[in-house]
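Chemist: The structure under discussion is supplied below as structure tokens; questions concerning it will follow.
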């Protein structure tokens, strides 16, 4: 295994982020360079503008969605540049047009991220065209150049995809596996005696959000791409089965949640938990290797001595069982055994995934029988959804109205200032304004920091470097870096974009110092306007959506528990329904954790029930982890229980508790219920095996957590 900084650098250079940066840089720079060669740089920059605007919608996803979005954007860019070019002589008319377009195109948030990107792209070209007053004949020609530039980039993107149709799927799948590896590393810290459990758990929840987001990206790319799903090539089947196996592997990772404090109290003295930490970290390294192999085309392998570590762990546990000491109770040793068995199963799954990289094994992979269409969401573009959201109860409507008003304020402010590039105020407002306050605030800080630091870097470069060839190389490097980080880390993206914009203005013969100052001033003005508006103008606070998110979380865990208990109490088992329920839990957990994190960025007065929400989030994470463990006992460990009907009342009561918890949130009653817990029977006549104890304890744990959730919902009044 290479040193992590080296591997991380290699991984980034092979990632879709870097590929995207190269593609956009080439697509944007090429027209300008070619036209400059013929002495027509001005025309080339207009072509580049079209390419830049259409690149905004070219985010990862199925090629047909990307292609269609780029065609729609191309048509809209052409129309808007004509409309703006013919009307921008009148400040009054263009102001009205700016308000109308800002509202209309911001409403596209209703139809998903790609549709929202179309709106951003169109508003971008409008802002850049507002001050470009020219005769109508030139307006038509200018619009045609934007159209040609858009078509050029669309063709380039489509051609690159056709040359390597599986590349994006490999990269997104690789990123998803890397997030699982990071998640495992944080889990491994629970076995270190120096760990702060609360901080580590909070970080774990954030990483779970990241895992879900990456897995959702993979589903979009894999399950909506015709070459992978319908044509079912060996390469496509390979990617699908690796993904499904990693989702199952993540369920196994999720299931290993125990009372770590008690484990440390019992076993810290003998140091066995440190060996668990080491083994789990080696599993993370093995996952890193799989992720890298997907991007590089290599063959992954297990981390060094991992299998020997498992043998040693089994021996240590065996020695503990044979020990006559009373320091180690039975349940503690059973917990260690379960963790070790789960680690073995994870390693076995990793070995299976590693075998898939063998070309001969890939040919043996059969097409899966799971209905993949059920695992992806589709957003139909219909007018009814738009009409239904033309009300103040819609957060998208309030956001769109806010953007329209703020853009008008920005327009008036820009017109009142004697700045040469005052459209930067509108650009700042456009990229900072998000539907929620917390996202706007975060984007605002990133924009300001990136712009100020980037401006000083740019001024330093232009002060000390005067050779045009050297500056051009720096320009290309900064462009690639800026576009590579625009989806990965916005502050870094802005930090690189600002110097490259200053270098471009330097090539055009404009004053660098004055441009840098103006960009900083305009960014500060635009940021201030956008942030104040997000707080005071039809704000969207997270606590307004908490109740729905909590209800969805309870229902998803209830569904997951129902599907898992079918493994115990019913003969029939629907794999698709089980996986859908599992996916739904991950989605709702991610949504709730994200909402909780965003609430922390809001003013204290808006952090309603923040402590209860944190407790609710933690309890539901525990519940889904315990349910995952319960599913693995019968699916992976092949545990056999004496009589499942003995624990049926506990399962029924758990379902009842979750139903009542949902009722508490919906009805908001002040009456406190007295719902009892079903106690485990004392089977004095039967000698219970370790397996029996584990399954009974697991059902009881799930019931107790469900009871805690139920009691918590009685206290929360939203």
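The values are calculated or read from the model by the stated rules, or taken from the named source; none is laboratory data. Fair warning: this is a prediction, and the values are worked out from it, not measured in the lab. Note that we place each Cβ from the backbone using ideal geometry, even for glycine, and neighbour counts take in every protein chain shown.
Chemist: Looking at the range 190-229, which of its residues are assigned to a loop (DSSP other than H, G, I, E, B) and under 20 Å from residue 287 (Cβ atoms)?
Modeler: Across the range 190-229, the qualifying residue is only 192.
Chemist: Just one of 75, 69 is closer than 15 Å to residue 105 by Cβ and free of Cβ contacts under 8 Å to residues at least 24 places away in the same chain; which is it?
Modeler: 75 is the lone residue from the list that is closer than 15 Å to residue 105 by Cβ and free of Cβ contacts under 8 Å to residues at least 24 places away in the same chain.
Chemist: For residues that are within 32 Å of the chain's Cα centre (by Cα) and buried (at least 16 other Cβ atoms within 10 Å of the Cβ), scanning just the range 259-274, find the one that is farthest from residue 321 (Cα to Cα).
Modeler: 260
Chemist: Take the conditions outside the structural domain of residue 627 (by TED's automatic domain parsing), surrounded by 15 or more Cβ atoms within 10 Å (Cβ to Cβ) and either over 21 Å from residue 15 (Cβ atoms) or touching a residue at least 12 places away in the same chain (Cβ under 8 Å) (or both) and apply them to residue 304. Does it pass?
Modeler: Criteria not met by residue 304.
Chemist: Give me a count of the residues in the range 316-328 that are at pLDDT below 70 and under 19 Å from residue 697 (Cβ atoms).
Modeler: The total comes to 1.
Chemist: A follow-up question, please. So, residue 495, is that one assigned to a helix (DSSP H, G or I) and surrounded by fewer than 16 Cβ atoms within 10 Å (Cβ to Cβ) or not?
Modeler: no
Chemist: Also: Of 531, 567, which residue is under 26 Å from the mean Cα position of the chain (by Cα), part of a helix (DSSP H, G or I) and either modelled with pLDDT under 85 or on the phi < 0 side of the Ramachandran plot (or both)?
Modeler: 531
Chemist: Let me ask something else about it. Can residue 605 be described as in contact with a helix residue (DSSP H, G or I) (Cβ under 9 Å, 6 or more places away or on another chain) and part of a helix (DSSP H, G or I)?
Modeler: no
Chemist: Now for a different question. Check residue 299 against each of (1) under 30 Å from residue 364 (Cβ atoms); (2) part of a helix (DSSP H, G or I) and name the one condition it does not meet.
Modeler: (2)
Chemist: Further question on the same structure: Please find, among 155, 143, the residue that is in a helix (DSSP H, G or I) and surrounded by fewer than 19 Cβ atoms within 10 Å (Cβ to Cβ).
Modeler: Answer to the selection: 155.
Chemist: Still on this structure, I have one more. Just a yes or no: is a residue in the range 50-64 in a helix (DSSP H, G or I), within 21 Å of the chain's Cα centre (by Cα), in contact (Cβ under 8 Å) with a residue 40 or more places away in the chain and surrounded by 20 or more Cβ atoms within 10 Å (Cβ to Cβ)?
Modeler: Yes, the range 50-64 has at least one match.
Chemist: Please determine whether any residue of the range 175-192 is crowded, with 20+ Cβ neighbours inside 10 Å and over 30 Å from residue 263 (Cβ atoms).
Modeler: Yes, the range 175-192 contains a residue that is crowded, with 20+ Cβ neighbours inside 10 Å and over 30 Å from residue 263 (Cβ atoms).
Chemist: Still on this structure: Pick out the one residue from 501, 457, 476 that is crowded, with 20+ Cβ neighbours inside 10 Å, touching a residue at least 12 places away in the same chain (Cβ under 8 Å) and in a helix (DSSP H, G or I).
Modeler: 501
Chemist: I need the full set of residues from the range 510-559 which are farther than 26 Å from residue 403 by Cβ and outside the structural domain of residue 665 (by TED's automatic domain parsing), in order please.
Modeler: Listed by number, the residues that qualify are 510, 511, 512, 513, 514, 515, 516, 517.
Chemist: Can you tell me which residue among 437, 505, 408, 472 is over 32 Å from the mean Cα position of the chain (by Cα) and within 30 Å of residue 539 (Cα to Cα)?
Modeler: Exactly one residue qualifies, and that residue is 408.
Chemist: Could you pull out the residue among 587, 608 that is modelled with pLDDT under 90, surrounded by fewer than 19 Cβ atoms within 10 Å (Cβ to Cβ) and under 12 Å from residue 553 (Cα atoms)?
Modeler: 587
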